[in-house]
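Below: one structure, written as structure tokens.
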Amino acid sequence: MNEPIAAPDAPEEALRDTERRYRDLVEGAHNVVLRVSDQGVLSFVNRTFETVVGWPAHDWLGRPLLDLVHAAHEQTRADEQHDRQCRLDDEE
């Protein structure tokens, strides 16, 4: 009966604190964190995304995840082809 009455703003303050901690965790992660919609579209990427993939995040938001997978695969193939050509040039 003598329980303290919570301030009306307590739930909102707790929610803001939780959101802040979540944002800090996601943005400070050393791994890529992304969110994909039910339709397979990228709706969020963290800062590490740009560092890892080398492309600006704003270029990818709103695009299908499969576009990213395809682009990364194409870049890997181009890098491999370049490496093969360099080895051939070194052998000559």
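Taken over region 44-71, the criterion of being loosely packed, with under 12 Cβ neighbours inside 10 Å and small (Gly, Ala, Ser) is satisfied by Gly54, Gly62. Restricted to region 18-64, and to residues there that are more than 9 Å from the chain's Cα centre (by Cα) and of a type in the set (Gly, Ala, Ser), the residue that is nearest to Asp79 (Cα to Cα) is Gly54. Taking the criterion of being assigned to a helix (DSSP H, G or I) and of a type in the set (Ser, Thr, Tyr), the residues of region 38-84 that qualify are Thr48, Thr51, Thr76.
Taken together, the values in this text are just the output of simple stated rules run on the coordinates, not laboratory data. Every value quoted in this text rests on a predicted model; they were computed, and no experiment measured them. Note that each Cβ is placed from the backbone with ideal geometry, even for glycine, and that neighbours are counted across all protein chains shown.
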